[in-house]
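What follows draws every value from the coordinates through simple rules; no lab data is involved. In this text the structure is predicted, and so the values were computed from the model without any measurement. So basically every Cβ, Gly included, is an ideal-geometry build from the backbone, and we count neighbours across all protein chains shown.
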Amino acid sequence: MSDEGQMTGDGPVAEASAPGAATDRPAEPGELRPTGRSNARLRQTVRDMILSLAVVLAAIAVILLITWRPTPDPVRVIDPTPPLSLARAQADYPVLYPADLDASWRPTSARWEITPSSQPDPAWHVGFVTPDDAYAQLGQSATEDPSYVGDQVGVAEPAGEWEGWLRFDSAEQRALVRVDGGVTVVVSGTAPWPTLQVLAERLSPTALPTPTLAPDPPG
C-alpha cells in the first residue's frame with residue numbers, strides 16, 4: 001500500500017507540521033501574539049515620563065537656588081572700642097588691650113562694669129574667639145577681693161609660673177595671673193597655652209582694636 005492515504009485502525013493519521021511553520025489558526029479572544037513590530041505607544045509613554053521627570057527636577061533646582069542661603073558665621077563679632085574708651089577714661093590705672101591682633105581674633109564681648117567679684121571696683125573684660133576657634137579673655141581690675149581671681153580662673157589650679165605670670169591649669173581652662181601695682185590682670189580661656197601666651201605678651205596700655213568690617217548687629 002502506498003504512503004498516501006495510509007490508514008490505521010483508529011482512522012487516518014494527520015501529518016505533523018514542520019517546526020517553525022506558520023499557522024493560519026485565528027487568535028483566540030484575549031490571546032497575545034508577538035507581531036515582530038515595536039510598540040510605538042509604549043515608547044511614547046516612556047518618553048513622556050522622562051520629560052515630565054526632567055521638568056520636575058528642573059523646577060526643584062530653581063527653587064533650591066532661589067531659597068538657598070549660606071550658613072552664617074555663628075560667631076557674633078562686636079566692637080570693643082566704646083567700653084575700652086570708657087574704661088580708660090574712668091580707671092586710675094592703665095587699661096590694657098592686646099596690640100596687633102589680626103582678623104582671626106574675633107572680639108565677642110567687652111564691658112567695663114562692677115561685677116559681684118570685683119565690687120566696689122569696676123572690672124575691664126574683653127573676650128575673643130581665637131584663630132584656633134577656642135576662647136580667650138582678658139580681665140583686669142583694681143579690686144582687692146580675692147574672689148575676683150577665682151572667678152576668672154574657674155576650676156583651674158596653680159601650676160607654676162611663666163615669664164612673671166602665675167599659671168593655673170585644668171582640663172577645661174587655663175589662666176595666667178599677674179598682680180602689678182595693686183591691679184590684677186588675668187588672661188584665661190579654653191585656648192591652648194601658646195595662644196594665651198601670645199595674648200599676654202601683646203597687652204598694651206595704648207593699643208586699640210584693629211578696624212574690621214562693621215560688627216554684627218545685636219541679636
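Full-extension gain between VAL46 and TYR93, please, as 0.36 nm times their residue separation minus the C-alpha to C-alpha distance.
Answer, rounded to one decimal: 8.6 nm.
Just to be sure I follow: if Rg is taken over the C-alpha atoms of region 139-219 and Rh is the Kirkwood radius over the same atoms, what is Rg/Rh?
That ratio equals 1.02.
Using Cβ counts within 10 Å as a stand-in for footprinting exposure, how do TYR93, TYR148 rank, fewest first?
TYR93, TYR148
Size of region 122-181 along its principal axes in angstrom, Cα-based, largest extent first?
Ordered largest first, region 122-181 gives principal extents of 33, 26, 22 Å.
Within a 10 angstrom radius of the beta carbon, how do LEU176, LEU53, LEU208, LEU203 rank from fewest other beta carbons to most?
Exposure proxy ranking, most exposed first: LEU53, LEU208, LEU203, LEU176.
For labels at ARG111 and ASP151 in the simple 7 Å Cα→Cβ model, what's the distance in nm?
1.0 nm
For the pair LEU86/SER170, report the inter-label distance in nm, with labels modelled 7 Å from Cα in the Cβ direction.
About 2.9 nm, to one decimal.
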